[in-house]
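The values are calculated or read from the model by the stated rules, or taken from the named source; none is laboratory data. Predicted, not measured: the structure shown is a model, and the values here were computed from it. Quick reminder, even Gly has a Cβ in these numbers, built from the backbone with ideal geometry, and neighbours come from all protein chains shown.
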Amino acid sequence: MFDSDLRPDEALLGDSSSIHRIWDQLQKAASTEVPVLIMGESGTGKEMAAKLLHSLSGRRASNFLKVSCPAISYQFFESESYSCGQWLPPREAFDTRVGRCEQADKGTLFLDEIGELDQSLQAKLLHAIQYFQVRGGADERSIDIRLICTTSRDLEADVAKGHFRLDLFYRINIIRIQMPPLRERISDVPLLMDHFIRLYAESFRTKYKPLTSSFLKMLESYRWPGNIRELENMAKRYVVLGGEEHVLSAIEQPEEPRPVLSETIDLMTPLRVQTKRATQNLERKIILGVLEAHSWNRRKAARSLDISYRALLYKIKEVGLPSGHLINPILSKGMVQLSGNRVLPDDSGV
């Protein structure tokens, strides 16, 4: 089920009905030139599907240009080096720089996580993708670009709340492909785990122990909040550390959820205070779990929890977790001590 120029780790693997459906949608979309919106939770393989769509299309020989929307600034639309759809100052005769959109001419422009684009910039982006034109010196010309966007947000809900422009949504939402979370294609887990273990064993030039049936059953019973990315990281851990026992703690779950209560009943503290403490304890566990699933990247964790990045930072502080600004000087730059040997990446610039 893999016939493209992608690397083995970029192939859309699986034999579930949902993966067959995605392949069918990608092949049909590849035969057209209309914009495609790929939606799904973080870690479900949206960028992989976008690359595969480009590889299956008639544009495969041209550039696949990725632009991360959370990183787009006002200067993106004003700088000549990022020229697309703007009236720009003439270039000097000796200046042969090519604008970013020009690099994607005849190819694909991939706008990653478009739902995270600042509202103040959405109108500029709409103009840019409507009139793909660049100007150099006295010349102006149109460029030929196929547009693919991804998002882990519910854009229709964001439109209803006024957080995302309706006209921009209509512009990008011609063909929509919904990537399934791993928990909805659980039959693919053994195949994916085996694939990634083989891939990284070869990459790391090491041997690995065969997967046991009991271990595979545990993998299939896990909910995979971090989706394929979490499974891939677990496969790396399996290969590097040398066996099942080193990853079991990450997938073992209690038989049934239990309320977070104090071991002893507090007869002196008001109910509202005890309730607030219990809620904070539960929130702390949930936030820790989601952060771990997303390799401690707070922006991705915020999207997974469907709260803003600022709200997550507030919650981290409220429940007593270390702030990303409290950097331990003995750690490498860009890492924040969390607990024990775990560290939290400083993703403030992500």
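Within segment 27-54, residues that are free of Cβ contacts under 8 Å to residues at least 60 places away in the same chain sit with their Cβ atoms under 7 Å from residues that are of a type in the set (G, A, S), at 6+ positions apart or across chains, in these pairs: A30/S57; L52/S4. What do you reckon, is G43 under 21 Å from S152 (Cβ atoms), at pLDDT below 95 and not hydroxyl-bearing (S, T, Y)? Judged against the criteria, G43 is a match.
Okay, residues lined up against (1) under 26 Å from the mean Cα position of the chain (by Cα); (2) in the same structural domain as K46 (by TED's automatic domain parsing); (3) under 25 Å from L291 (Cα atoms); (4) part of a helix (DSSP H, G or I):
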| site | (1), (2), (3), (4) |
| --- | --- |
| L199 | yes, no, no, yes |
| T206 | no, no, no, no |
| P210 | no, no, no, no |
| L219 | yes, no, yes, yes |
| P225 | yes, no, yes, no |
| R229 | yes, no, yes, yes |
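Looking at L147, L111, L125, can you tell me which residue is in a helix (DSSP H, G or I) and modelled with pLDDT of 75 or more?
Answer to the selection: L125.
Any residue at all in segment 171-187 that is part of a helix (DSSP H, G or I) and in contact with a Lys or Arg (Cβ under 8 Å, 6 or more places away or on another chain)?
Within segment 171-187, the subset part of a helix (DSSP H, G or I) is 171-172, 182-184, 186-187.
Then keep just the ones that are in contact with a Lys or Arg (Cβ under 8 Å, 6 or more places away or on another chain); that gives 183.
The answer is yes, given that some residue of segment 171-187 is part of a helix (DSSP H, G or I) and in contact with a Lys or Arg (Cβ under 8 Å, 6 or more places away or on another chain).
Whenever a residue of segment 294-308 is farther than 15 Å from R229 by Cβ, its partners that are among the β-branched types (V, I, T) and assigned to a helix (DSSP H, G or I), lying with C-beta atoms within less than 8 angstrom and at least six residues away or across chains, give the pairs R298/I316; L305/I286; L305/I287; L305/V290.
I need the full set of residues from segment 185-210 which are surrounded by 14 or more Cβ atoms within 10 Å (Cβ to Cβ) and among the charged types (D, E, K, R), in order please. Passing the criteria: R185, D188, D194, R198.
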